[in-house]
Structures are given as structure tokens and as C-alpha cells.
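Working notes, structure below.
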Amino acid sequence: MKSYCYFCDKDVEYIVKEEEVHEKLKGVEISYIAKIPYCSECRREIYVAELDDDNIRKAHEKYRKKLNEEVNHIIGFS
């Protein structure tokens, strides 16, 4: 697998690590396991579109689930 590393200024092999990410999305605190790509040469985080798209999808799924749980709690369904 190769992608462009801005720090090395070239296409490089990269490794993917799964990390727990905590962030606020539209005012709602969420956490999820993201796949983070790192340059195999300089070890810095790099951008890989496919992984970024997957991480965004995971974040939105967690957001929708948590928002639904909060709404159900407010109206007394849980």
C-alpha cells in the first residue's frame, strides 16, 4: 500500500494502526475505533482517502446511535 507523505514529499508505504478516537460531532461527544495510516519512513500520520472515508462513516454511525439513545432517554423509552 502506498500513499503520498507530505513530510517525506514522496509516495511511501504506510502502516495502519487502530486507535480509539474521542471527538465532538455536532456537540455530541463520541468515541470510536479509527484506522490511522502512518508513513513507514518518518512514522507521521498521513492522509489516505479510503481510510478517512471509513473513519468518517464510523464517526457518523456512532453519532446517530448516541443521538438516538439520548432522544429515547429524554422521551422516556429507555
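Worth pointing out:
- Complete set of residues in region 12-54 that are closer than 26 Å to LYS65 by Cα, out of contact with any Leu (no Cβ under 7 Å at 6 or more places or on another chain) and among the charged types (D, E, K, R): LYS17, GLU18, GLU19, GLU20, GLU23, LYS24, LYS26, GLU29, GLU50, ASP52, ASP53, ASP54
- Inter-residue pairs, beta-carbon under 6 Å, first touching a residue at least 40 places away in the same chain (Cβ under 8 Å) and in region 1-29, second assigned to a strand (DSSP E or B) and surrounded by fewer than 13 Cβ atoms within 10 Å (Cβ to Cβ), 6+ apart: TYR4/ASP11
- Condition check for VAL12: under 19 Å from the mean Cα position of the chain (by Cα) and among the hydrophobic types (A, V, I, L, M, F, W, C): no
- Selection of region 1-20 for residues being modelled with pLDDT of 95 or more, among the hydrophobic types (A, V, I, L, M, F, W, C) and exposed (fewer than 15 other Cβ atoms within 10 Å of the Cβ) yields PHE7, CYS8, ILE15, VAL16.
- Residue count for region 9-61 under the criterion of being of a type in the set (D, E, K, R) and assigned to a strand (DSSP E or B): the result is 12.
- When residues of region 30-59 are limited to those that are without any contact (Cβ under 8 Å) to a residue 12 or more places away in the chain and on the phi < 0 side of the Ramachandran plot, the one surrounded by the fewest Cβ atoms within 10 Å (Cβ to Cβ): ALA49
The values are calculated or read from the model by the stated rules, or taken from the named source; none is laboratory data. Predicted model only: the values in this text are computed from it and were never measured. Reconstructed Cβ throughout: ideal geometry from the backbone, glycine too, with neighbour counts over all protein chains shown.
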